[in-house]
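Single-structure report; data block below.
The values are calculated or read from the model by the stated rules, or taken from the named source; none is laboratory data. In this text, all values refer to a predicted model and were calculated from it rather than measured experimentally. In this analysis, Cβ positions are derived from the backbone assuming ideal geometry, glycine residues included, and neighbour counts consider all displayed protein chains. Just the protein is used for accessible areas: all its heavy atoms, side chains included, with ligands, DNA and RNA removed. Shrake-Rupley method; radii C 1.70, N 1.55, O 1.52, S 1.80 Å.
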Amino acid sequence: DQQVKQNSPSLSVQEGRISILNCDYTNSMFDYFLWYKKYPAEGPTFLISISSIKDKNEDGRFTVFLNKSAKHLSLHIVPSQPGDSAVYFCAASALGAGNMLTFGGGTRLMVKP
Amino acid sequence: DTGVSQNPRHKITKRGQNVTFRCDPISEHNRLYWYRQTLGQGPEFLTYFQNEAQLEKSRLLSDRFSAERPKGSFSTLEIQRTEQGDSAMYLCASSLGAAQSEQYFGPGTRLTVT
């Protein structure tokens, strides 16, 4: 039973345009959500997070939106740059669960020059 | 470099052998996590420590797997009698103990069981 799903395995975007990566979850106990970026042969790198008490968090070119009623979150990257090409994972944790993360399967983003 | 470090980065072993991996977390972090990632999947939680106490273990962690964090600093993950299905990337992460604190990952140890 996948509690966190990223339904798009890949996404291709032109440099300078917006990249939108989506994530759905099923566990209503999740209250903290994170996005990680992963390059080949490296560990995941933390990008941005959002608590369930918020619906938006912004950090530079990265914005995460949370829609609790739909159990959906998205990561917007504006403007996209070739260096953003990587695999992006969304992850979620539940209060009282020791912050253990449940990850989605990832979306490979390719930003074309 | 004050990030999370893992050793070795790569390990090739024959089926049936034992292997041990080491993780050194960020020094002020009191929580340490182990995850496993197979090709095309996201990382899956294995176990975590609060200081030296192992507080949670996934059902993925069979009896052949054991983890320790003896002094609340570095941690080791041992796999006994390795099987081909153990081939994966083993990731370590650390975080502050506060609720809703992000986890920082090391580069991982890639295990190949032949």
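Whether any residue in segment A:77-97 is at positive phi and surrounded by fewer than 16 Cβ atoms within 10 Å (Cβ to Cβ) is what I want to check. The answer is yes, given that some residue of segment A:77-97 is at positive phi and surrounded by fewer than 16 Cβ atoms within 10 Å (Cβ to Cβ).
Run down B:76, B:112, B:47 and say which single residue is assigned to a strand (DSSP E or B) and crowded, with 16+ Cβ neighbours inside 10 Å.
Every option except B:47 fails the conditions.
Across segment A:47-70, not a single residue is classified as of a type outside the set (Asp, Glu), touching a Gly at 6+ places or on another chain (Cβ under 8 Å) and assigned to a strand (DSSP E or B).
When segment B:59-108 is filtered for residues that are within 10 Å of another protein chain (Cβ to nearest Cβ) and under 15 Å from the mean Cα position of the chain (by Cα), the ones remaining, listed by number, are B:89, B:91, B:92, B:93, B:95, B:103, B:104, B:105, B:106, B:107, B:108. In summary, residue A:65 fulfils each of the numbered conditions (1) more than 14 Å from every other protein chain (Cβ to nearest Cβ); (2) more than 13 Å from the chain's Cα centre (by Cα); (3) open to solvent by 10 Å² or more (accessible area, probe 1.4 Å) with the single exception of condition (2). Taken over segment A:71-113, the criterion of being assigned to a loop (DSSP other than H, G, I, E, B), in contact with a strand residue (DSSP E or B) (Cβ under 6 Å, 6 or more places away or on another chain) and either within 9 Å of another protein chain (Cβ to nearest Cβ) or charged (D, E, K, R) (or both) is satisfied by A:71, A:95, A:98, A:99, A:100, A:101, A:104, A:106.
For (1) among the small types (Gly, Ala, Ser); (2) touching a helix residue (DSSP H, G or I) at 6+ places or on another chain (Cβ under 9 Å), each residue gets a yes or a no:
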| residue | (1), (2) |
| --- | --- |
| B:24 | no, no |
| B:27 | yes, no |
| B:32 | no, no |
| B:36 | no, yes |
| B:42 | yes, no |
| B:47 | no, no |
| B:51 | no, no |
| B:55 | no, no |
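Of all the criteria given as (1) in contact (Cβ under 8 Å) with a residue 24 or more places away in the chain; (2) of a type in the set (A, V, I, L, M, F, W, C); (3) over 26 Å from residue A:89 (Cα atoms), the one not satisfied by residue B:53 is (1).
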